[in-house]
């Protein structure tokens, strides 16, 4: 509550200062251009300045709110360092239920209470093959903490995926999106695509393309999320 109140007061002061600066800018423009341009041209210039100023205020306050909601500048920096798009916690509009390689039905809601690393991939995808070993290393390092990893293979036979998993010695759960419906619901346009879900099951991050997931900065990133 105190942080929220502090944010509101800070935002009010920022807006007041911006409004004062905007008024001074308008006066300076009127003084400079009076008699040099038609009144209609001056009006359009002022409108443009107003739009740009309003956009700047919106970006500034939105940035402050984003830091407040996600837990501070450290979180922002870690997302940026990993090249992960930060998303305000969004609950998926559906609960994903897919079969694993043993034929058992697994639901993403089963992983509530843990940070969930959700990766969409396929065996034919070179970048997917590249990042899989580092994903397995990350999983082994963090699996005994509040962390889970799930791979969702897109539209491939179970036999092909099973052979891949055995060859790469993967131990984290692999689910089969045989129809591709789940991939479409998540808006997958390229692979690998990874989503990070918080402990309440909300999507908080998206990574496009491969990463070295067992790097020091990656481990620091996930340990930070786990500790929150």
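The values are calculated or read from the model by the stated rules, or taken from the named source; none is laboratory data. It should be emphasised that the depicted structure is a prediction, and the values quoted were computed from it without experimental measurement. Don't worry about glycine lacking a Cβ; one is built from the backbone with ideal geometry, like all the others, and counts go over all protein chains shown.
To keep it simple, each residue is scored yes or no on (1) farther than 18 Å from residue 207 by Cβ; (2) in contact with a strand residue (DSSP E or B) (Cβ under 9 Å, 6 or more places away or on another chain); (3) loosely packed, with under 15 Cβ neighbours inside 10 Å.
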| position | (1), (2), (3) |
| --- | --- |
| 88 | no, yes, yes |
| 98 | yes, yes, no |
| 102 | yes, no, yes |
| 138 | no, yes, no |
| 168 | yes, no, yes |
| 171 | yes, no, yes |
| 176 | yes, yes, no |
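Among the residues of this structure, residue 195 counts as one that is under 21 Å from residue 87 (Cβ atoms) and in the same structural domain as residue 82 (by TED's automatic domain parsing). Screening residue 160 on (1) under 22 Å from the mean Cα position of the chain (by Cα); (2) assigned to a helix (DSSP H, G or I) shows it passes everything except condition (1).
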